[in-house]
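Working notes for the structure below.
The values are calculated or read from the model by the stated rules, or taken from the named source; none is laboratory data. These figures come from a predicted structure and were not determined experimentally. No Cβ is skipped: glycine too gets one built from the backbone with ideal geometry, and neighbour counts run over all protein chains shown.
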Amino acid sequence: MENIEKKKQEKRYETYVKQKTPVHSLWPNMLKAFVTGGAICTLGQLIYNYCKTQKLPEDACSGWTSLILVLLSVILTGVNIYPSIAKWGGAGALVPITGFANSVASPAIEYKKEGQVFGIGCKIFTIAGPVILYGIFTSWVLGFIYWLWTIMGR
């Protein structure tokens, strides 16, 4: 008797999970990510080209492009527009530098009410911190492997 009741409960739970789990369509999501990421990269290229028309050196053009894209991302995050872009565009909005800026600005805005130190100071890198940590760690590991490779004379 317990076994039958347990199977009914499992069936109800399975039905509940199917109802609550969002259905994602791979190809439309990939298209949205491509369009969103492409739009961000196109904007970056436009900024870069404008800097070139102002006769700035390439390093300065790159710096200004990054700076302006990060600034726009933080402003759009502050006025609650970037989260909508990220929700629609998925990885296309989260992978470029604008996504990283959004991941730093979002917790700062969210925890501002808790104060400068315990709010912003403690929470600002909750999302970006692991990205920085694993990026540095991966760079170290790959650098170490490269160093060993060069020592062995390959």
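Results for (1) closer than 19 Å to ALA91 by Cβ; (2) without any contact (Cβ under 8 Å) to a residue 40 or more places away in the chain; (3) not β-branched (Val, Ile, Thr), shown as yes or no for each residue.
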{"residue": "THR42", "(1), (2), (3)": "yes, yes, no"}
{"residue": "GLN45", "(1), (2), (3)": "no, yes, yes"}
{"residue": "PRO57", "(1), (2), (3)": "no, yes, yes"}
{"residue": "SER62", "(1), (2), (3)": "no, yes, yes"}
{"residue": "ILE68", "(1), (2), (3)": "no, yes, no"}
Provide a single number: the residues in the stretch 61-87 that are farther than 18 Å from THR42 by Cα and either out of contact with any Phe, Trp or Tyr (no Cβ under 9 Å at 6 or more places or on another chain) or of a type in the set (S, T, N, Q) (or both). 8
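THR15: loosely packed, with under 11 Cβ neighbours inside 10 Å, closer than 30 Å to LEU67 by Cα and free of Cβ contacts under 8 Å to residues at least 60 places away in the same chain, yes or no?
Working: loosely packed, with under 11 Cβ neighbours inside 10 Å: yes; closer than 30 Å to LEU67 by Cα: no; free of Cβ contacts under 8 Å to residues at least 60 places away in the same chain: yes.
No: the conditions fail for THR15.
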For the list (1) surrounded by 13 or more Cβ atoms within 10 Å (Cβ to Cβ); (2) at pLDDT 90 or above, I need the number of the one condition that PHE100 fails. (2)
Could you grab the pairs with beta carbons closer than 9 Å, sequence gap of 6+ or different chains, first residue in the stretch 127-154 and under 28 Å from PRO107 (Cβ atoms), second one among the hydroxyl-bearing types (Ser, Thr, Tyr)? ILE127/SER103; ILE127/SER106; ALA128/SER103; VAL131/SER103
So for the stretch 109-123 (the condition being touching a Gly at 6+ places or on another chain (Cβ under 8 Å), more than 23 Å from GLN45 (Cβ to Cβ) and of a type in the set (A, V, I, L, M, F, W, C)), does at least one residue qualify? yes
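For THR77, are the conditions met, namely being among the polar types (S, T, N, Q) and either crowded, with 16+ Cβ neighbours inside 10 Å or in contact (Cβ under 8 Å) with a residue 60 or more places away in the chain (or both)? Before you say what the answer is, go through the steps one by one.
Working: among the polar types (S, T, N, Q): yes; either crowded, with 16+ Cβ neighbours inside 10 Å or in contact (Cβ under 8 Å) with a residue 60 or more places away in the chain (or both): yes.
Yes; evaluated as a whole, the condition is true for this residue.
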